[in-house]
Amino acid sequence: MNNPFNLAGRTVLITGASSGIGRQCAISCSEQGAGLILLGRREDALQETAAQCGAGPVFTASVDMQNYAELAGVVKEGVDALGRVSGVIHCAGISTTLPLRAFRPARLEEMLRVNVVGALELTRLLCKPAHFSKEGGSIIFLSSVMGVVGEKGKFMYSASKGALVATVKSLALELAPRQVRVNCISPGVVSTPMSQEAVYSQSDDQLAAIVARHPLGLGTVSDIAHSCIFLLSDAARWVTGTNLCVDGGYTAQ
């Protein structure tokens, strides 16, 4: 029986692969047969991710998404090792909760460099003919429900994630002639190291309030990884320029 979610023979590059959603995306893609190029800031953590993946080929590289000059070399090394990529999942990102009175331009500039500029520069490099599959493929940006709806103290994070939601629409049109699909996934609150360090996780009352805003409860990293598998696979061959909210009903209210 044909499996439309099969990724065998494909190379998928994943940023932020050292933990959380990125790590689970790597594991799930490996289970579907993909070769992996894993990027993150900590080589030891990337090796832990690689150890949890299947028997397929894995290339890892420690890189900071703000180091644009270094990205070009990393992309070439990964493609030389595993071949042209046909799938990309941009999971790398940073978050913060701050009121407007605490705003400083440098804080927003850093967030945009990591969450938006670094992701776009990496995408530009990957989309060179020598780096991306001639048959096309799929690019996924991990946004957030905060890119669609608001929350007190999240305006900087919302600005960066909302930028990705808007960006995929234009990139989808630009890359469609090459059969490259571009989409966003906007998760609700998922239990990850990042969410466990969030302000709301430090208070039982605040955490309970966050849980209550998700009619299906909080998500797991597998919920997001499985959605990425769908968008990477031939099952989503006619899906591009969209923002898929995987949020347990958060944005339905």
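In terms of the mean number of neighbouring beta-carbon atoms within 10 Å, the peptides 29-39, 160-170 order highest first as 29-39, 160-170. Residue by residue, segment 181-187 carries 3J(HN,Hα) couplings of 8, 10, 9, 10, 10, 10, x Hz when phi is fed to the Karplus relation 6.51 cos²θ - 1.76 cosθ + 1.60 (θ = phi - 60°); x denotes Gly or Pro. Phi angles of segment 83-100 translate, via the Karplus equation with coefficients 6.51, -1.76, 1.60 and θ = phi - 60°, into HN-Hα couplings of x, 4, 7, 10, x, 9, 10, 8, 9, 4, x, 10, 9, 7, 10, 9, x, 4 Hz per residue; Gly and Pro are given as x.
Adding -39500 (n - 2.57) for every DSSP H run of four residues or longer, then dividing by how many residues the chain holds, sets the calculated 222 nm ellipticity at -12000 deg cm²/dmol. Using C-alpha pairs under 8 Å with a sequence gap of at least 6, the mean separation divided by the residue count of segment 120-253 gives a relative contact order of 30 percent. Listed here are the pairs K76/K154; K128/K161; K134/K154; K128/K152; which of them are more than 29 Å apart at the Cα? Check vs 29 Å cut-off fails for K76/K154; K134/K154; K128/K152. Remark on G87: its backbone amide H falls under 5 Å from those of T11, L13, S138, a criterion applied only to residues 5 or more positions apart or on other chains, H modelled at 1.01 Å from N. Between R104 and H226, the modelled labels are 4.3 nm apart [label points 7 Å from Cα along Cα→Cβ]. Backbone amide hydrogens, once placed in the peptide plane, bring L36 within less than 5 Å of V12, V58, F59, excluding anything fewer than 5 places away on its chain.
Counting only alpha carbon atoms, the long axis of helix 68-82 and the longest principal axis of the chain meet at about 50°. For the chain, the relative contact order is 20 percent, taking Cα pairs closer than 8 Å that sit 6 or more residues apart in sequence and dividing their mean separation by the residue count. Charging the Cβ of each Asp and Glu at -1 and of each Lys and Arg at +1, and nothing else, the dipole of the chain about its Cα centre rounds to 680 debye. For segment 1-49, averaging the sequence separation of C-alpha pairs within contact (under 8 Å, six or more residues apart) and dividing by the residue count gives a relative contact order of 43 percent.
Towards the positive end of the charge dipole of segment 11-239, with charges on Cβ (+1 Lys, Arg; -1 Asp, Glu), say which of C91, S138, S28 has the farthest Cα. Farthest along the dipole direction, towards plus: S138. In this calculation the C-beta distance from E135 to E77 is compared with R0 = 25 Å, giving a FRET efficiency of 0.65. Hand me the trypsin sites (Lys or Arg not before Pro) from segment 63-147 located in a DSSP loop with no more than 12 other Cβ atoms within 10 Å, in residue order please. Here the trypsin sites (Lys or Arg not before Pro) that fit, given the DSSP loop and packing criteria, are K134.
A dipole drawn for the chain from +1 and -1 charges on Cβ atoms has a positive end, and of I37, A102, L120 the residue lying farthest that way is L120. In degrees from 0 to 90, rounded to the nearest 10, what is the angle of the helix 221-232 Cα long axis to the longest principal axis of the chain? It is inclined by approximately 40 degrees. The ranking of V149, V189, V74, V12 from fewest to most other beta carbons within 10 Å of each one's beta carbon is V149, V74, V189, V12.
Read-outs: derived from the displayed coordinates by stated rules, not from any lab. Fair warning: this is a prediction, and the values are worked out from it, not measured in the lab. Heads up, the Cβs are rebuilt from the backbone with ideal geometry, glycines too, and the neighbour counts pull from every protein chain shown.
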